[in-house]
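The values are calculated or read from the model by the stated rules, or taken from the named source; none is laboratory data. For clarity, every value in this text was computed on a predicted model and none was experimentally measured. Virtual Cβ from ideal backbone geometry, glycine too; neighbours counted across all protein chains shown. Note: accessible area is taken over every heavy atom of the protein model, side chains too, but ligands, DNA and RNA are not part of it. Shrake-Rupley method; radii C 1.70, N 1.55, O 1.52, S 1.80 Å.
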Amino acid sequence: MKKFFSYFMISLCLLGTSVVTSCSSDDDDSEESLPELKFQSDAAIYQLYGNMEDISYIELTTAGNYIIEYVSMAPNSPVSLKNFECGTFKKGSEDNTYELEGKNTILEIQPIGGEYKITLGDKTYTAMKVGSTAPLANGTPMQQICRSWKVKKVYANIESSVLKNPVSESASNSKDLLKKLGENYELPYFVELDYISFSNTYKFQDRLSYVGRVDNSIRRGVWQYTNAIVFDESGEKIDVTFEGTTMKLKHTTVDGSTTIEWGYDLTPAPLSVR
């Protein structure tokens, strides 16, 4: 299995039930726009304690996904898929309740003093809320990014004076793209990605939470946005633009006479781990 970040010095969890996503053309996307986020005020990460053999974290995202992490993990570390559950949620009929559609059960979150009482099905836990949330103004890049995304295209372009012909390859996923490129070509700071969910929840210092999947690897990490996306502490800026409902990520490296560009087209979709 390849590393989630092939060349990141530090690494990148989201999951859920299987979903089937129809991919429209870029022309179709350009006629659409991303909807407003419904769950900005619900987004939070709850750390459960006193039950180390069971659930470690429960996260609700602005995109309407829930993440249940059964084994505590350090940031940027890979964990087996079996340690996570994920799906979509919607508001329940009672205050502070959520219907977890993938689990067909109710999650209830009740504040008690400075802590929270978490009821999940027939089990009850004590938790604290981790961090705070960043406000997201409608139509801003941050508001558009904070969703769950599925890769529909990945590409690489390499131009160099030592190459007879420029290299240009594309595929529907990162694994197939790297296979097409073979061992002769490397993509600096390439982010191997199948699904990713960006949250507006502060996880560490002033950085926000994201969870992602590639192949059978799940990782939790942090991100920042300052006119570009920066994953973890890499320092490498990845440009982000939008065409309708398509988010485009692009990274360009220039080394002497060699220019290497790689990028992704992503579409909003509930994330999946299986």
With all protein chains present, how much of the accessible area of the range 117-230 (probe radius 1.4 Å) comes from carbon and sulfur, to the nearest whole percent? 44 percent
May I ask you to order 89-102, 36-49, 159-172 by the average number of other C-beta atoms within 10 Å around their residues, highest value first? 36-49, 89-102, 159-172
Cα-based Rg of the range 105-230 normalised by 2.2 N^0.38 Å, two decimals: 1.46
